[in-house]
Amino acid sequence: MTATQTVLIADDDADIREVLRLYLENAGYAVLEAVDGREAMSLLDEGSIDLCLLDIMMPALDGYQVLRRLRQTSHVPVIVISAKGQDPEKILGLQLGADDYLVKPFNPLEAVARVGALMRRLSYDASEAHGDASAPPDLAVRDLVLDRTACRLLRGGRPIDLTSVEYRIMELLMANPGRVFTKRQIYEAGWGEEYLAADNNVMVCISKLRAKLDDDASAYIRTIRGLGYRLEKGD
């Protein structure tokens, strides 16, 4: 990790921004701050942010509005931070394209750890994409092609936008078509963290992938009740 990695803290609570800045700078990150959604969007539009810690309840534009606008043009990783810890709020954040969700109050050390986990996955993906002679081969299942050099998914030659988590899950499934993976296995492949307790992250992510792949919910990714999920091989 280098100091060139810049984290944006978007939160209208000055105390939270101050604490997060202190811990993130101690971990070696460069930090920018935004006090409302409009300022956050302006900084994100400049394209120099490597990761955003995004509060939901902000003036001007709330976090959900920022996330909707951001995902129209950018795949920058976003960790939502919010006092709303119920499943509907978490699911909405993930559906809008957040990569992780952190509930207030939280330990700032956990926030830094989550930032680090996302940054490491980005660094790994970048090294894979620029590996040239050692680049992994593309994966092909039916009309799906996962270009592992460019880190993108194609269906019938048409690119499908994926978050970093969605990409890693598709890589797992497409490398093993027909094999059933548990929620634990999918979570640990997609998020790069130990699966400690049952939650809705995997279910939401699979739902989003299905919507991106086909209107038929199980045309590509089938639920195997009581076991997990598998990618259908087709005929």
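Within the range 135-176, restricting attention to residues that are basic (Lys, Arg) and under 15 Å from the mean Cα position of the chain (by Cα), which residue is nearest to Cys205 (Cα to Cα)?
Arg168
Need pairs with beta-carbon distance below 7 Å; first residue assigned by TED's automatic domain parsing to the domain that holds Phe181 and within the range 197-211, second modelled with pLDDT under 90 and surrounded by fewer than 17 Cβ atoms within 10 Å (Cβ to Cβ); sequence gap 6+ or separate chains. Hits for this filter: Asn200/Asp87; Asn200/Ile91; Val204/Ile91; Val204/Gln95; Lys208/Gln95; Arg210/Ala217. Of the residues making up the range 157-196, those that are small (Gly, Ala, Ser), touching a residue at least 60 places away in the same chain (Cβ under 8 Å) and surrounded by 17 or more Cβ atoms within 10 Å (Cβ to Cβ) number 1. Within the range 208-220, identify whether any single residue is out of contact with any Gly (no Cβ under 8 Å at 6 or more places or on another chain), surrounded by 15 or more Cβ atoms within 10 Å (Cβ to Cβ) and of a type in the set (S, T, N, Q), and answer yes or no. No. Hey, among the residues in the range 23-66 that are outside any helix (DSSP H, G or I) and touching a residue at least 60 places away in the same chain (Cβ under 8 Å), which one's surrounded by the most Cβ atoms within 10 Å (Cβ to Cβ)? Ranking the qualifying residues of the range 23-66, first place goes to Leu53. Of the residues Asp50, Asp55, the single one that is assigned by TED's automatic domain parsing to the domain that holds Ala117 and farther than 16 Å from Thr163 by Cβ is Asp55. Can you find even one residue in the range 82-99 that is modelled with pLDDT of 90 or more, closer than 25 Å to Glu39 by Cα, buried (at least 20 other Cβ atoms within 10 Å of the Cβ) and outside the structural domain of Ile221 (by TED's automatic domain parsing)? Among the residues of the range 82-99, not one is modelled with pLDDT of 90 or more, closer than 25 Å to Glu39 by Cα, buried (at least 20 other Cβ atoms within 10 Å of the Cβ) and outside the structural domain of Ile221 (by TED's automatic domain parsing), which makes the answer no.
The values are calculated or read from the model by the stated rules, or taken from the named source; none is laboratory data. Since the model is a prediction, treat every value here as computed from it, not as a measurement. Please note: Cβ atoms are built from the backbone with ideal geometry, for glycine as well, and neighbour counts cover all protein chains shown.
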